[in-house]
Amino acid sequence: MSNKRSFSAPVGTHDVLPPQSLEWERAIGLFSSVAHLYGFGLVINPIFEDVGVFNRGIGENSDVAKKEMYVFQDRSDRKYALRPEGTASVVRSYVQHNPTPPWKVFYVTPAFRYERPQAGRYRQHHQLGVEALGTADPNLDIEVIAMAWRFYASFGLRRVDLMVNSMGDAACRPQYIESLNEHLRAKSPKLCDEHQRTFSDNPLRVLDCKTSACIEVTQCGPMLNDSLCDECREHFSFVTQGLSMLKIPWTSNSRLVRGFDYYTRTTFEFTSTALESAQNAIGGGGRYDGLVEELGGEATPGIGFGSGIERLLLAHQAEHPAASEAPSIDAFVVDTTGDFSVQVLMDELRTANIRIDQSYDGRSMKSQLKVADRSGARLALLIGPQELSRGEITMRYLRENDESSRQISVPRDKILSEIKQYLSQVKQ
Ligand code: HAM
């Protein structure tokens, strides 16, 4: 017996293989075209950063920084972390390169969090996100939220809810935190076990706690949206009015504080009502007007959102369980001659944007036809010694049920136009 060890993907991670990866391509392609419509350009950052970028960026006391970050030392004893999210790295790169604001960028990135793996929650997930830096104008908030909304709609999601909130700013939030802290201290024995010990480190986190104990205590406590200063209240009201003007349905949720310390003013979250409530957030984001300064830059406001690709696909699957995959190739070449002219033919067709595949290793016609059938192609192009000598190709329709119309002979120099004509008919 062989003693070679085999390996699997690490716990909480997954491989994405064809044909399922077609849906990933569709999501990423669509996201980049929608981002371009709104004036965002692609940014690519390293997947690891100095651990300080995240500790300072998302907050040392956030659950993600405290319990979930993959932190490691490299061979020169530098301390790094795999990115648990995209925003802090993008802002680090803004501070480093100092581009002219407003700076609007989008990204596709893996993100790493040491979470308890379950359906829809992974240790490596992937996000589609945008960040826009350089203005506190509430029109930008409306645009960023609208962009996410349009993206979900064009991806085919209909069962999406939008919740919005304002977290206040440096003028009004400290006072709110003070009054929340007082309330929590008075009720601390009624909080969940963890928050009995930790509520004073970051009282806002208790608003986000899903235990019935904490929900009960916070329900009768002070609410953020009652404590906003005039500027924050006006900003929030402008954003929600704008969403209504664009006919984007929203509900206000004053518990929506989200998991990172960088948020100020507008926060928002999109949930899919087609998914189980524990993992139904398909995207979320908000303003972070203090983050650039926190990471060593000039005070610069910013806003963005991130959307989990895995969750988007789960929501799509839940809403459209019978959706069939589009075939990934147009025609499959079944060649029993091994003649170079077949390579030349395939090269010509691919140059004309016909998606072509073939089988290898000189298999029999029967076995090549089986592979052609499995490939999902609409057409098989049969080339044997007879076809070769006559300068013809037998074109077989793989998806027609009527036997009598299953194949025709086509002169070699007419094959491209014949294929194009057939494909344009079936794709209509
Ligand atoms: P987040 O809410 O932590 O925000 O993550 C964004 C989205 O990523 C979530 O709504 C969810 O769809 C997905 N997600 C998060 N964790 C997991 C996981 N363990 N497994 C599967 N999917 C997951 C952020 O990361 C912020 N950077 C968003 C942002 C951008 N805020 C401002 N700009």
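Are any of the residues in region 347-354 assigned to a helix (DSSP H, G or I), of a type outside the set (A, V, I, L, M, F, W, C) and under 15 Å from Arg396 (Cβ atoms)?
Within region 347-354 (the criterion being assigned to a helix (DSSP H, G or I), of a type outside the set (A, V, I, L, M, F, W, C) and under 15 Å from Arg396 (Cβ atoms)), the answer is no, since none of the residues qualifies.
What are the residues in region 56-67 that are in a helix (DSSP H, G or I), open to solvent by 20 Å² or more (accessible area, probe 1.4 Å) and free of Cβ contacts under 8 Å to residues at least 24 places away in the same chain, if any?
Selection gives Lys66 alone.
Taking interchain pairs and intrachain pairs at least six residues apart, which have beta carbon atoms under 6 angstrom, with the first residue in region 204-220 and over 22 Å from Thr264 (Cα atoms) and the second open to solvent by less than 10 Å² (accessible area, probe 1.4 Å) and in a helix (DSSP H, G or I)?
Pairs found: Cys214/Val206.
Scan region 127-161 for residues that are part of a strand (DSSP E or B) and either within 8 Å of the ligand (Cβ to nearest atom) or open to solvent by 50 Å² or more (accessible area, probe 1.4 Å) (or both) and jot them down. Steps first, answer last, please.
Filtering region 127-161 for residues part of a strand (DSSP E or B) gives 127-133, 160-161.
Listed by number, the residues that qualify are Gln127, Gly129, Val130, Glu131, Asp161.
Just the residues that are open to solvent by 30 Å² or more (accessible area, probe 1.4 Å) and either within 22 Å of Arg406 (Cα to Cα) or touching a helix residue (DSSP H, G or I) at 6+ places or on another chain (Cβ under 8 Å) (or both), please, taken from region 343-362.
Glu348, Arg355, Asp357, Gln358
Restricting attention to region 20-31, does a residue exist that is farther than 30 Å from Ser324 by Cβ, open to solvent by less than 60 Å² (accessible area, probe 1.4 Å) and at pLDDT 95 or above?
Within region 20-31 (the criterion being farther than 30 Å from Ser324 by Cβ, open to solvent by less than 60 Å² (accessible area, probe 1.4 Å) and at pLDDT 95 or above), the answer is no, since none of the residues qualifies.
How many residues are out of contact with any helix residue (DSSP H, G or I) (no Cβ under 7 Å at 6 or more places or on another chain) and either within 9 Å of the ligand (Cβ to nearest atom) or of a type in the set (A, V, I, L, M) (or both) when one looks only at region 259-274? Before you say what the answer is, go through the steps one by one.
Of the residues in region 259-274, the ones out of contact with any helix residue (DSSP H, G or I) (no Cβ under 7 Å at 6 or more places or on another chain) are 263-264, 267, 269, 271, 273.
Applying the additional criterion that residues be either within 9 Å of the ligand (Cβ to nearest atom) or of a type in the set (A, V, I, L, M) (or both) yields 263, 267, 269, 271.
Looking only at that region, the number is 4.
I'd like the full set of residues that are under 15 Å from Pro174 (Cα atoms), at pLDDT 90 or above and surrounded by fewer than 14 Cβ atoms within 10 Å (Cβ to Cβ), limited to region 188-222.
The one that is under 15 Å from Pro174 (Cα atoms), at pLDDT 90 or above and surrounded by fewer than 14 Cβ atoms within 10 Å (Cβ to Cβ): Ser200.
Hey, can you tell me all the residues within region 285-296 that are open to solvent by 10 Å² or more (accessible area, probe 1.4 Å) and either more than 21 Å from Arg173 (Cβ to Cβ) or near the ligand (Cβ under 9 Å from one of its atoms) (or both)?
Gly296, the sole residue that qualifies.
Output yes when any residue across region 332-342 is out of contact with any helix residue (DSSP H, G or I) (no Cβ under 8 Å at 6 or more places or on another chain) and touching a residue at least 60 places away in the same chain (Cβ under 8 Å), and no when none is.
Looking through region 332-342, none of the residues is out of contact with any helix residue (DSSP H, G or I) (no Cβ under 8 Å at 6 or more places or on another chain) and touching a residue at least 60 places away in the same chain (Cβ under 8 Å).
Between Gly283, Gly290, which is in contact with a helix residue (DSSP H, G or I) (Cβ under 8 Å, 6 or more places away or on another chain) and either modelled with pLDDT of 95 or more or not polar (S, T, N, Q) (or both)?
Going through Gly283, Gly290 in turn, just one is in contact with a helix residue (DSSP H, G or I) (Cβ under 8 Å, 6 or more places away or on another chain) and either modelled with pLDDT of 95 or more or not polar (S, T, N, Q) (or both): Gly283.
Could you identify the single residue in Ser277, Ser307 that is out of contact with any Asp or Glu (no Cβ under 9 Å at 6 or more places or on another chain), open to solvent by less than 20 Å² (accessible area, probe 1.4 Å) and either modelled with pLDDT under 95 or within 9 Å of the ligand (Cβ to nearest atom) (or both)?
After applying the criteria, what remains is Ser307.
The values are calculated or read from the model by the stated rules, or taken from the named source; none is laboratory data. Since the structure is predicted, the reported quantities are computational estimates derived from the model, not experimental observations. Neighbour counts are summed over all protein chains in view; Cβ atoms, including those assigned to glycine, are modelled from backbone coordinates with ideal geometry. Ligands, DNA and RNA are excluded from the accessible area calculation, which covers all protein heavy atoms including side chains. Shrake-Rupley method; radii C 1.70, N 1.55, O 1.52, S 1.80 Å.
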